[in-house]
Amino acid sequence: MNDKEILSKTASLLIHAAKMDENYTAREKNIIEKTMTELGVDENNLNNLMFNAEKNEQNSNQILDYTKAIKATDNSYKITLVESLWKIIYSDKNSDMFEDNLMRRLTGLLYLDKKMVGDIKEKIKKNLNK
């Protein structure tokens, strides 16, 4: 799978997480756009990527479709992804059972260390309270 496909699947997964609570906000979209630029999407391609990722997310409810591409990435990519997922989840200051379930599933599907995911969660929560 090429980098463009991985970035597209990543954006779709982030959008999916943002829509979990049925309230996809501008703040969440900003987090996703910032993450995608951190992961290498240039500003000129960002709008196109976001448009296609939103369409892709609407047509798929299978996180397996997203994670197949992402699990082959390196650890720093996955850490950036997990940080962004927690930022999206806590953008409304709380996490519901569906969002928590998504993160548990992603931890397993992406072969992530549970402690690392938990530590990132706590760091994001702590930064929200500053």
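The values are calculated or read from the model by the stated rules, or taken from the named source; none is laboratory data. Everything numeric here is computed off the predicted structure, so don't read it as measured data. Here the Cβ is made from the backbone with ideal geometry for all residues, glycine too, and neighbour counts use every protein chain on show. Ligands, DNA and RNA are stripped out before the accessible areas are found, and what is left, the full protein with its side chains, is counted by its heavy atoms. Shrake-Rupley method; radii C 1.70, N 1.55, O 1.52, S 1.80 Å.
For the range 62-84, the count of residues that are acidic (Asp, Glu) and over 23 Å from Asn129 (Cβ atoms) is at least one. Scanning the range 59-82 for residues that are exposed (fewer than 13 other Cβ atoms within 10 Å of the Cβ) and farther than 15 Å from His16 by Cα gives Ala72, Asp74, Asn75, Ser76. Open to solvent by 30 Å² or more (accessible area, probe 1.4 Å), assigned to a helix (DSSP H, G or I), within 15 Å of Ile6 (Cβ to Cβ) and not basic (Lys, Arg): is that true of Asn127 in this structure? For Asn127, the condition - open to solvent by 30 Å² or more (accessible area, probe 1.4 Å), assigned to a helix (DSSP H, G or I), within 15 Å of Ile6 (Cβ to Cβ) and not basic (Lys, Arg) - is not met. Out of Ile88, Ile120, one residue alone is at pLDDT 95 or above and more than 14 Å from Leu13 (Cα to Cα). It is Ile120. Set side by side, the residues Asn44, Asn23, Asn56 differ, and just one is open to solvent by 60 Å² or more (accessible area, probe 1.4 Å) and assigned to a helix (DSSP H, G or I), which is Asn44.
Check the range 94-116 and report whether any residue there is modelled with pLDDT of 90 or more, under 21 Å from Leu7 (Cα atoms), in a helix (DSSP H, G or I) and among the acidic types (Asp, Glu). Scanning the range 94-116, I find no residue that is modelled with pLDDT of 90 or more, under 21 Å from Leu7 (Cα atoms), in a helix (DSSP H, G or I) and among the acidic types (Asp, Glu), so the answer is no. Determine, yes or no, whether Glu5 is under 16 Å from Leu64 (Cβ atoms), out of contact with any Gly (no Cβ under 6 Å at 6 or more places or on another chain) and open to solvent by 70 Å² or more (accessible area, probe 1.4 Å). Against the criterion (under 16 Å from Leu64 (Cβ atoms), out of contact with any Gly (no Cβ under 6 Å at 6 or more places or on another chain) and open to solvent by 70 Å² or more (accessible area, probe 1.4 Å)), Glu5 qualifies. Does Ala18 count as closer than 20 Å to Asn2 by Cβ, crowded, with 18+ Cβ neighbours inside 10 Å, among the small types (Gly, Ala, Ser) and touching a residue at least 12 places away in the same chain (Cβ under 8 Å)? So Ala18 fails the test. Suppose the filter is under 20 Å from Glu33 (Cα atoms) and either of a type outside the set (D, E, K, R) or at pLDDT below 90 (or both); does Ser76 pass it? So Ser76 passes the test.
Would you mind stating whether Ile31 is within 22 Å of Glu99 (Cβ to Cβ), β-branched (Val, Ile, Thr), touching a residue at least 60 places away in the same chain (Cβ under 8 Å) and assigned to a helix (DSSP H, G or I)? So Ile31 passes the test.
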